[in-house]
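Novice: Next up is a structure, given as structure tokens.
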Amino acid sequence: MTYHNPRTPPRKSWTFDDQTLAEIRRAAATGIYDIRGAGAKRKLPHFDDLLFLGASMSRYPLEGYRERCDTSVDLGTRFAKKPIHLKIPITIAGMSFGALSGTAKEALGRGASAAGTSTTTGDGGMTNEERDHSQTLVYQYLPSRYGMNPTDLRRADAIEIVVGQGAKPGGGGMLLGQKISDRVAQMRNLPKGIDQRSACRHPDWTGPDDLEIKIMEIREITDWEKPIYIKVGGARPYYDTALAVKAGADVVVLDGMQGGTAATQDVFIENVGQPTLACIRPAVQALQDLGMHRKVQLIVSGGIRSGADVAKAMALGADAVSIGSAAMVALGDNDPQYEEEYNRLGTTAGAYDDWHEGKDPAGITTQDPELAARLDPVAAGRRLANYLKVMTLEAQTIARACGHNDLHNLEPEDLCALTIEAAAMAQVPLAGTEWIPGKTRF
Amino acid sequence: MCGIVGLFLKDRSLDTNLGQLLSDMLVTMTDRGPDSAGIAIYGEETAGRSKVTIQSDTPDVTFADFERRLGDLVGKGSSLRIKDTHAVAEVPTGRVADVRAMIDGLDGAVRVMSVGETMEIYKEVGLPKDVVSRFDIRSMSGTHGIGHTRMATESAVTTLGAHPFSTGADQCLVHNGSLSNHNNLRRELKRLGMRFETQNDSEVAAAYLTARMKDGLDLGEALTSALDDLDGFFTFVVGTKTGFGVLRDPIACKPAVMAETDQYVAFGSEFRALVGLPNIDNARVWEPEPSSVYFWDREASASRTLAA
Amino acid sequence: MPTFDLATQDLRDLNKALHTIPAGTNDLDYEILNPRGSHAVAVGCSDPLNISVKGPVGYYCGGMNAEATITVKGSAGPGVAENMMSGMVVIEGDASQYAGATGRGGMLVIRGNAASRCGISMKGIDIVVEGNIGHMSAFMGQSGHLVVLGDAGEALGDSLYEAKLFVRGTVKSLGADCIEKEMRPEHHETLARLLEKAGVTGVETSEFKRYGSARTLYNFNIDNADAY
């Protein structure tokens, strides 16, 4: 074989890949950072890198359809006079009316109620649709205080003070003008059509010592009835959990970096925070060090997709999990039936994340009445209920196979890790070894 | 993340009440910090002599041994006053360096809380009421004092991690807030020869001020330069042998209330801390401004407020 | 007239009593003694009570107040009347930071000075301060009125939405997107009404300047990036 004009073929840079080049051009052309919805899209160590050790000779499994495996959980048992009892340990995360359409909020309430769990308001207040269709509703207390009022505070079943979220620990929010409709503007007391900037800190307290006094005020206003949750983004989970407990939380909600958001800077979503997998053990350690594990409940969120994820989070020490993005998919978000419309928006089903633009073909992340009407809240609620029940059955299947009669009896020792990274982050041994990097010797 | 109190007496007839007043102030701030508590008292001065306040987790055995070593080292010119886990060694000022070297040779059995001609620091893990009673703070008299109750943020809950922090003779600092550049600053100060006992952000602030004062700045000037060099959230109350200062960061989110009468200047994280002070109903009460240095010095003719 | 002495009675009992006013009660006057800087005094009221607090209060006095008139004969700590819905809160002394934060309605009157962030994120409340206010006041103010008879600190009205600010004294500096605006007849009328409601006499509306949003930050523009 002879070579004519031998030459090196064109080679693209790994560092300056196509995505990077496109983003540089976009930034240069528009002069605004990329804003989008959803959570981190980069590949991260996750629950997929963990496996369960089912029972065989040394442990005895439970019979799938006959022997009980309890899934219920009580939240807010530390101080609240009226703790919450949920049938399943999978709750619906905070998503605002504004970010989501009224029909989507109604569907979340219907689905969660049918499955025996709670749903959560968001940055924008409580709507009647949501309250009326949610058996158990958690009312978020956010820096913006949009729509905050004592009547809704008292008709909530629990109050979640949002200090941070996994998509943007340390950041505020941004709802672009297209979604500030008349009703959203009125609820938030803002002029219609402007960009709504949400603060990153609360307006009337900073730090856990002042938060303790804020919590006391909220408890006094609600006569110590409601559980008080504190939601933090996964950044420094040990300290943040410990301080939430010291400030007086009944429940800590810990949101890893795969947790979604309605809209924030892409650079924030992809570069700030820790993977959910890495957040759980330090948070549980903080609770254990304070003698508060299971007394102050831990809800973990950020990339929970299946009953296996639920079981893994609980084996690592969570009392419950919370889903946002997955619940939206169950409602109909990013459904391939709208592929042509996604194409017209310059994207494809499965990748659509311009939730802030309000053009969602599925009628979920929009305030456009015509689009919102596409989502049938009864049918979508049914889909969500089905999905929640499947996840619960899956988690039970795994727990029974590990010999547990309650999901809360899953332990880290029921797990092994497929990768060294996951072994280090989840503090469980690498499969086939006793090695937990950073804890034991190989 | 904490509660701070401070009291600087102008009317020396109140000196015998200092410990009592400051203890009551600190105990009211308990809710702000359940982890540890501490107090610095500026008391009597004996010309040519200094106090080294030390702490041990095993005071029963350690202090007896320490007293013997101190006698061997300094001779009759020394004394040791034991209070629970703390003890105050009084030695000629010229021998302080020798005493510290001896302590360094004890492999951590004894920790130095403070060194100074008038200042003593008492701090332990626990609630203010317990710390105050363990060390009988209420019976102490003095010219000024500073107290702190801690809700630990990132560093360990230990005796050494409690406030006040002292990094120079008769200097102490307490902090409410959270610094965000303390790791880099600690490395820089270490390079300059400062010594650190903890990973605590507040200790870095104390050492920073000590380093600046070593450079020849007075307390007010050192606090002013802190505004440029410290990043994060802080309300500081600091003491020197004759002075008392307050500084809040430019954002000034952490609470601070001050009260002044002809008899005293007082600081509290909350007004609750001040309600028991004499004649508080007629005091001038105000909230210190952000980025403004407030300090009082009994050797200077008047107090000073420096707008940065 | 029911009296609560916080030197001997629990805050919990006080707030519980204020939340459970029996229907048909016509004695709506309450007196609170010895608050001594206590937090969360008279929070979450929802009846037209007339509450007199004899002494200084701590954080969040009158928080989320609806309907009630609360008078504090002393100073107030951080976040007085935060998120007030309606009614009236009067502080006869000074108020600490965050006074009237996120308030949605009613009137907050501070006879002395207010510290930083007075009226932060205000959403419809009217605030009248007879003394001075501190830095970052009316930050992100959405609606309602802030009236200051004395001086304002740095960065007044930073990132302001549609709250209207009236200052009689000097303003140390204006925050991003806050500008001085013309006092038109309707503004004099509004201001006169607010002063009268607050019981302030002896000042003319012509002594005030009006400040409001320049509205340049309402939709993101990279050329305004320095203001973010």
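Novice: Any residue at all in the stretch C:23-42 that's surrounded by fewer than 24 Cβ atoms within 10 Å (Cβ to Cβ), more than 14 Å from chain A (Cβ to nearest Cβ) and of a type in the set (Val, Ile, Thr)?
Specialist: The answer is yes, given that some residue of the stretch C:23-42 is surrounded by fewer than 24 Cβ atoms within 10 Å (Cβ to Cβ), more than 14 Å from chain A (Cβ to nearest Cβ) and of a type in the set (Val, Ile, Thr).
Novice: Checking A:Met216 against (1) hydrophobic (A, V, I, L, M, F, W, C); (2) touching a helix residue (DSSP H, G or I) at 6+ places or on another chain (Cβ under 8 Å); (3) modelled with pLDDT of 95 or more, only one condition comes out false. Which one?
Specialist: (2)
Novice: Can you report the number of residues in the stretch B:120-155 which are out of contact with any His (no Cβ under 9 Å at 6 or more places or on another chain) and basic (Lys, Arg)?
Specialist: 2
Novice: Return only the number of the condition from (1) in contact with a Phe, Trp or Tyr (Cβ under 6 Å, 6 or more places away or on another chain); (2) in contact (Cβ under 8 Å) with a residue 24 or more places away in the chain; (3) surrounded by fewer than 24 Cβ atoms within 10 Å (Cβ to Cβ); (4) not acidic (Asp, Glu) that A:Ser181 does not satisfy.
Specialist: (1)
For (1) under 25 Å from A:Ile323 (Cα atoms); (2) part of a strand (DSSP E or B), each residue gets a yes or a no:
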| position | (1), (2) |
| --- | --- |
| A:Arg183 | no, no |
| A:Thr206 | no, no |
| A:Ile213 | no, no |
| A:Met216 | no, no |
| A:Asp240 | yes, no |
| A:Val253 | yes, yes |
| A:Gln258 | yes, no |
| A:Cys279 | yes, no |
| A:Pro282 | yes, no |
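Novice: Can B:Phe244 be described as surrounded by 20 or more Cβ atoms within 10 Å (Cβ to Cβ), under 20 Å from A:Pro208 (Cα atoms) and either of a type outside the set (D, E, K, R) or at pLDDT 95 or above (or both)? Spell out the reasoning first.
Specialist: Values: surrounded by 20 or more Cβ atoms within 10 Å (Cβ to Cβ): yes; under 20 Å from A:Pro208 (Cα atoms): no; either of a type outside the set (D, E, K, R) or at pLDDT 95 or above (or both): yes.
So B:Phe244 fails the test.
Novice: With A:Thr119, A:Thr77 as the choices, which residue is among the hydroxyl-bearing types (Ser, Thr, Tyr), in contact with a helix residue (DSSP H, G or I) (Cβ under 6 Å, 6 or more places away or on another chain) and closer than 20 Å to A:Leu254 by Cα? Break it down into steps so the answer makes sense when it comes.
Specialist: Working: A:Thr77 fails: in contact with a helix residue (DSSP H, G or I) (Cβ under 6 Å, 6 or more places away or on another chain).
One residue alone meets the criteria, A:Thr119.
Novice: Among the strands (runs of 3 or more DSSP E) confined wholly to the stretch B:84-202, which include 1 or more residues that are surrounded by 18 or more Cβ atoms within 10 Å (Cβ to Cβ), acidic (Asp, Glu) and out of contact with any strand residue (DSSP E or B) (no Cβ under 6 Å at 6 or more places or on another chain)? Talk me through it step by step, then tell me what you get.
Specialist: Details: elements: B:86-92, B:111-116, B:119-125, B:144-150, B:165-168, B:171-179.
Ranges flagged: B:119-125.
Novice: Continuing with the same structure: More than 14 Å from every other protein chain (Cβ to nearest Cβ) and at pLDDT 95 or above, is that true of A:Leu243? Walk me through it before giving the result.
Specialist: Working: more than 14 Å from every other protein chain (Cβ to nearest Cβ): no; at pLDDT 95 or above: yes.
Answer is no for this residue.
Novice: Also, I was wondering about something else. Would you confirm whether or not the stretch A:10-33 contains a residue that is at pLDDT below 90, surrounded by 13 or more Cβ atoms within 10 Å (Cβ to Cβ) and closer than 24 Å to A:Gly350 by Cα? Steps first, please.
Specialist: If we filter the stretch A:10-33 for residues that are at pLDDT below 90, which is where we start, we get A:30-33.
Going one step further and asking which of them are surrounded by 13 or more Cβ atoms within 10 Å (Cβ to Cβ), we end up with A:32-33.
Those left that are additionally closer than 24 Å to A:Gly350 by Cα: A:33.
Yes: one or more hits.
Novice: Please go through the stretch B:180-219 and pick out each residue that is within 14 Å of another protein chain (Cβ to nearest Cβ), over 22 Å from B:Thr30 (Cα atoms) and of a type outside the set (Ser, Thr, Tyr).
Specialist: Here is the first cut: in the stretch B:180-219, the residues within 14 Å of another protein chain (Cβ to nearest Cβ) are B:180, B:183, B:199-202.
Next, only the ones that are over 22 Å from B:Thr30 (Cα atoms) stay: B:180, B:183, B:199.
Within the stretch B:180-219, B:Asn183, B:Gln199 qualify.
Novice: Please go through the stretch C:46-62 and give me each residue that is more than 9 Å from chain A (Cβ to nearest Cβ), within 17 Å of the chain's Cα centre (by Cα) and assigned to a loop (DSSP other than H, G, I, E, B), ordered by number.
Specialist: Selection gives C:Pro56, C:Cys61, C:Gly62.
Novice: A:Ser134 fails exactly one of the following numbered conditions: (1) surrounded by 23 or more Cβ atoms within 10 Å (Cβ to Cβ); (2) modelled with pLDDT of 95 or more; (3) within 12 Å of chain C (Cβ to nearest Cβ). What is the number of that condition?
Specialist: Going through the list (1) surrounded by 23 or more Cβ atoms within 10 Å (Cβ to Cβ); (2) modelled with pLDDT of 95 or more; (3) within 12 Å of chain C (Cβ to nearest Cβ), A:Ser134 breaks only (3).
Novice: Turning to a different aspect of this structure: Those residues that are more than 9 Å from chain C (Cβ to nearest Cβ) and touching a Gly at 6+ places or on another chain (Cβ under 7 Å), I need them from the stretch B:267-301; list them, please.
Specialist: Scanning the stretch B:267-301 gives B:Phe267, B:Ser269, B:Val293, B:Tyr294, B:Phe295, B:Trp296, B:Asp297.
Yes or no, residue by residue, for (1) out of contact with any Asp or Glu (no Cβ under 8 Å at 6 or more places or on another chain); (2) within 30 Å of A:Arg155 (Cβ to Cβ):
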| position | (1), (2) |
| --- | --- |
| A:Thr15 | yes, no |
| A:Lys43 | yes, no |
| A:Tyr60 | yes, no |
| A:Ser72 | yes, yes |
| A:Phe79 | no, yes |
| A:Ile84 | no, yes |
| A:Thr91 | yes, yes |
| A:Met95 | yes, yes |
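Novice: Can you find a residue in the stretch A:200-210 that is among the hydrophobic types (A, V, I, L, M, F, W, C) and either surrounded by fewer than 18 Cβ atoms within 10 Å (Cβ to Cβ) or under 22 Å from the mean Cα position of the chain (by Cα) (or both)? Quick ask: steps written out before the conclusion?
Specialist: Here is the first cut: in the stretch A:200-210, the residues among the hydrophobic types (A, V, I, L, M, F, W, C) are A:200, A:205.
Okay, now just the ones that are also either surrounded by fewer than 18 Cβ atoms within 10 Å (Cβ to Cβ) or under 22 Å from the mean Cα position of the chain (by Cα) (or both), so A:200.
Yes: the stretch A:200-210 contains one or more residues that are among the hydrophobic types (A, V, I, L, M, F, W, C) and either surrounded by fewer than 18 Cβ atoms within 10 Å (Cβ to Cβ) or under 22 Å from the mean Cα position of the chain (by Cα) (or both).
Novice: Can you find even one residue in the stretch B:67-78 that is hydroxyl-bearing (Ser, Thr, Tyr) and not in a loop (DSSP other than H, G, I, E, B)?
Specialist: Initial filter on the stretch B:67-78 (hydroxyl-bearing (Ser, Thr, Tyr)): B:78.
Cutting the leftovers down to not in a loop (DSSP other than H, G, I, E, B) gives us none.
No; the residues of the stretch B:67-78 include none that is hydroxyl-bearing (Ser, Thr, Tyr) and not in a loop (DSSP other than H, G, I, E, B).
The values are calculated or read from the model by the stated rules, or taken from the named source; none is laboratory data. Everything numeric here is computed off the predicted structure, so don't read it as measured data. Heads up, the Cβs are rebuilt from the backbone with ideal geometry, glycines too, and the neighbour counts pull from every protein chain shown.
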